[in-house]
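Some notes on the structure that comes next.
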Amino acid sequence: MVHAQGVLDAGCGPLTLERYIDRPVYGIDMNPCMIDLGRSHSQWRGENARVGYLSDLPEEWAGRFELTAA
């Protein structure tokens with residue numbers, strides 16, 4: 001079983017996966033407006049979401065993920 005904390009939502013947009021599974025996941029999207037929109041609709045508030053590019057993930061995320069969804 002994959003735990004939500006081991007999931008990366010690549011191109012997360014408005015935190016769609018986080019809201020769908022109702023668990024905080026790591027998400028990255030290049031559009032800050034989409035992440036802000038998702039934060040306003042998710043009970044988890046995108047606590048692990050970042051604005052950025054999949055090709056340039058935060059260093060502290062290295063080796064963290066068991067599954068990447070896009």
Review point. Out of the range 36-63, which residues are open to solvent by less than 100 Å² (accessible area, probe 1.4 Å) and either within 17 Å of residue 1 (Cα to Cα) or not hydrophobic (A, V, I, L, M, F, W, C) (or both)?
Key: 36, 38, 39, 40, 42, 46, 48, 50, 52, 58, 63
Check your understanding: Which of (1) of a type outside the set (Val, Ile, Thr); (2) touching a strand residue (DSSP E or B) at 6+ places or on another chain (Cβ under 9 Å); (3) closer than 21 Å to residue 3 by Cα is the odd one out, the single condition residue 31 does not satisfy?
Key -> (3)
Exercise for review: State which residue is farthest from residue 64 (Cα to Cα) when the search covers only the range 12-24 and only residues that are in contact with a helix residue (DSSP H, G or I) (Cβ under 7 Å, 6 or more places away or on another chain) and open to solvent by 40 Å² or more (accessible area, probe 1.4 Å).
Suggested key: 19
Review point. Does residue 5 meet the test of being in a helix (DSSP H, G or I) and more than 9 Å from the chain's Cα centre (by Cα)?
Key: yes
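Provide a single number: the residues in the range 20-43 that are of a type in the set (Phe, Trp, Tyr) and under 11 Å from the mean Cα position of the chain (by Cα). Walk me through how you get there before you give the answer.
So in the range 20-43, the residues of a type in the set (Phe, Trp, Tyr) come out as 20, 26.
Now narrow it down to the ones that are under 11 Å from the mean Cα position of the chain (by Cα): 26.
Final tally of qualifying residues: 1.
How many residues are more than 13 Å from residue 69 (Cβ to Cβ) and either open to solvent by 90 Å² or more (accessible area, probe 1.4 Å) or in contact with a helix residue (DSSP H, G or I) (Cβ under 6 Å, 6 or more places away or on another chain) (or both) when one looks only at the range 25-35?
At the first step, the residues of the range 25-35 found to be more than 13 Å from residue 69 (Cβ to Cβ) are 30-35.
Filter again for either open to solvent by 90 Å² or more (accessible area, probe 1.4 Å) or in contact with a helix residue (DSSP H, G or I) (Cβ under 6 Å, 6 or more places away or on another chain) (or both), leaving 30, 33.
Total satisfying the criteria: 2.
The values are calculated or read from the model by the stated rules, or taken from the named source; none is laboratory data. All values derive from a computational prediction rather than experimental measurement. Neighbour counts are summed over all protein chains in view; Cβ atoms, including those assigned to glycine, are modelled from backbone coordinates with ideal geometry. Ligands, DNA and RNA are stripped out before the accessible areas are found, and what is left, the full protein with its side chains, is counted by its heavy atoms. Shrake-Rupley method; radii C 1.70, N 1.55, O 1.52, S 1.80 Å.
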